[in-house]
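**Student:** Sharing a structure with you now.
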Amino acid sequence: MKIIFRVDSSKKIGSGHLVRCLSISDLLIDKGAQVFFISCSTKGNFNSLIKKKGIPYRVIKNKLEKDLDNSEIDDANETIKLIKDQSLDMIIIDHYSLGIRWERALKPYTKKIFVIDDLANREHDCDFLLDQNFVLNYDDRYRNKVPKKCNLFLGPKYALLQKDYDSFQVRIRTRVKRLLIFFGGHDNQSLSLVILKCVLKMKLPNTYIDIVISSEDNSVDTMKKISKNNPNIFFHHNLPSLSALINKSDLAIGAGGVSLLERCLLGLPAIVITVSDNQIESCKALSEVGAIKLLGHFDEFSEDVFVLALKKLISSKKELSLISKNAYNVMKEWSYNSISKNILNEFR
């Protein structure tokens, strides 16, 4: 079986799309499939993650981050040039800028098309669609947006998380001794720096802080400078997985995206600040069921509100453990093997 992935990563869109495609590629490779990636070389990309896994990939020119009417068809034509002589079983596409025009252009070159999406804001012409987000109306999100015969995989039980998450036991948190700060593959709003300054002002005793951030981000040097005399602060760059840090942390401070479900799976409570519009719906839904503490969008951030929320969770064992339990309940149906059983059967 031969399968092509079309996915991008960049400073603007982050690493989440690529990470979840790499997760499903691991499943496919374990089943003996031949996997190949097609990605752009946009500034701040994470194509090195593909290379580290030894998966072949090709780079195409990028116009998708520009507002050009023909960019979708241009991308389709470039992709066709790379695959037209191959006999493909499936194309897996994970890209907010590609939709029905791209899919229809590629249909003659593959047996099946599998779309990974979480916006439900455009039409698709595909055989399968996966949306792993937790939203309150997920059963109806794609009504009239996909063909009637399209097989839908909806909800967090289908989350494309890495295999190592299945090896950890859920731990309900009851006290905060270790914080995890992570705002995505690239922290474009420098929220990690803002949060670190707030936490340092609070002078939390005997508290360890793990900060996961790209070594290329502008605020890294400043953060290291202001924390150089604090032995309890640790910086992590370009990690292949957050699972070990999530497992040992007691409270996370971060954004939405893929890491949101990773934290929930291991029962890690989180104070969440959304950093893009596509994170708002799922974060609001998780807030409504008590699975996160949502402080709103980054452009309305208040230091006073953040400090108050953090102090409350540190001092309240009851609230911390309740968020921890609610977070796990969102993901309790997930397992790495269940993805294999429910999804990989469709690749046969």
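Residues checked against (1) modelled with pLDDT of 85 or more; (2) among the charged types (D, E, K, R); (3) in a strand (DSSP E or B); (4) in contact with a Gly (Cβ under 9 Å, 6 or more places away or on another chain):
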residue: Asp26; (1), (2), (3), (4): yes, yes, no, no
residue: Ile29; (1), (2), (3), (4): yes, no, no, no
residue: Phe36; (1), (2), (3), (4): yes, no, yes, no
residue: Asn45; (1), (2), (3), (4): yes, no, no, no
residue: Lys51; (1), (2), (3), (4): yes, yes, no, no
residue: Ile55; (1), (2), (3), (4): yes, no, no, no
residue: Arg58; (1), (2), (3), (4): yes, yes, yes, no
residue: Asn62; (1), (2), (3), (4): no, no, no, no
residue: Asp67; (1), (2), (3), (4): no, yes, no, no
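**Student:** Pick from the stretch 194-212 the residues that are buried (at least 21 other Cβ atoms within 10 Å of the Cβ) and out of contact with any Leu (no Cβ under 8 Å at 6 or more places or on another chain): which of them is nearest to Thr274 (Cα to Cα)?
**Tutor:** This residue is Ile195.
**Student:** If you check every pair at least six apart or on different chains, which have Cβ atoms under 6 Å apart with a residue in the stretch 148-170 that is touching a residue at least 40 places away in the same chain (Cβ under 8 Å) and more than 10 Å from Ser243 (Cα to Cα) first and a residue that is hydrophobic (A, V, I, L, M, F, W, C) and not in a loop (DSSP other than H, G, I, E, B) second?
**Tutor:** Asn151/Phe128; Phe153/Leu130; Pro156/Leu261; Pro156/Val330; Pro156/Met331; Tyr158/Leu130; Ala159/Leu261; Leu160/Ile24
**Student:** Quick check on Leu130: is it of a type in the set (A, V, I, L, M, F, W, C), outside any helix (DSSP H, G or I) and not assigned by TED's automatic domain parsing to the domain that holds Leu27?
**Tutor:** Considered against the rule, which asks whether it is of a type in the set (A, V, I, L, M, F, W, C), outside any helix (DSSP H, G or I) and not assigned by TED's automatic domain parsing to the domain that holds Leu27, Leu130 comes out as no.
**Student:** Does Ser41 satisfy the criteria of being out of contact with any His (no Cβ under 9 Å at 6 or more places or on another chain), small (Gly, Ala, Ser) and free of Cβ contacts under 8 Å to residues at least 24 places away in the same chain?
**Tutor:** When the stated conditions are applied, Ser41 passes them.
**Student:** Go through the stretch 78-115 and give me each residue that's in contact (Cβ under 8 Å) with a residue 40 or more places away in the chain, of a type in the set (A, V, I, L, M) and in contact with a helix residue (DSSP H, G or I) (Cβ under 9 Å, 6 or more places away or on another chain).
**Tutor:** Ile83, Leu88, Met90, Ile91, Ile92, Ile93, Leu98
**Student:** Just to be sure, is Ser215 small (Gly, Ala, Ser), surrounded by 15 or more Cβ atoms within 10 Å (Cβ to Cβ) and outside the structural domain of Arg20 (by TED's automatic domain parsing)?
**Tutor:** no
**Student:** Restricting to the stretch 1-24, and then to whatever is assigned to a loop (DSSP other than H, G, I, E, B), at pLDDT below 90 and of a type outside the set (Val, Ile, Thr), can you tell me which residue is surrounded by the most Cβ atoms within 10 Å (Cβ to Cβ)?
**Tutor:** Ser15
**Student:** Here's a follow-up. Can we say Ala291 is farther than 19 Å from Val199 by Cα and surrounded by 19 or more Cβ atoms within 10 Å (Cβ to Cβ)?
**Tutor:** Considered against the rule, which asks whether it is farther than 19 Å from Val199 by Cα and surrounded by 19 or more Cβ atoms within 10 Å (Cβ to Cβ), Ala291 comes out as yes.
**Student:** Of all residues in the stretch 101-122, how many are out of contact with any Lys or Arg (no Cβ under 7 Å at 6 or more places or on another chain) and either assigned to a helix (DSSP H, G or I) or outside the structural domain of Ser10 (by TED's automatic domain parsing) (or both)?
**Tutor:** Going through the stretch 101-122 one residue at a time, the tally reaches 8.
**Student:** When only residues in the stretch 118-128 that are modelled with pLDDT under 95 and either within 13 Å of the chain's Cα centre (by Cα) or not charged (D, E, K, R) (or both) count, which is farthest from Trp334 (Cα to Cα)?
**Tutor:** Within the stretch 118-128, the match that is farthest from Trp334 (Cα to Cα) is Asn121.
**Student:** Starting from residues that are β-branched (Val, Ile, Thr) and either at pLDDT below 95 or not in a loop (DSSP other than H, G, I, E, B) (or both), keep the ones in the stretch 171-198 and report whichever is nearest to the chain's Cα centre (by Cα).
**Tutor:** Ile181
**Student:** Let me ask you something else. Taking into account only those residues within the stretch 233-290 that are of a type in the set (Asp, Glu) and modelled with pLDDT under 95, which is nearest to Asp166 (Cα to Cα)?
**Tutor:** Glu281
**Student:** Being touching a Cys at 6+ places or on another chain (Cβ under 6 Å) and assigned by TED's automatic domain parsing to the domain that holds Ala76 narrows it down to one of Val35, Val19, Val59, Val7, so name that one.
**Tutor:** Val7 is the lone residue from the list that is touching a Cys at 6+ places or on another chain (Cβ under 6 Å) and assigned by TED's automatic domain parsing to the domain that holds Ala76.
The values are calculated or read from the model by the stated rules, or taken from the named source; none is laboratory data. Every value quoted in this text rests on a predicted model; they were computed, and no experiment measured them. Glycine also receives a Cβ, built like all others from the backbone with ideal geometry; neighbour counts cover every protein chain displayed.
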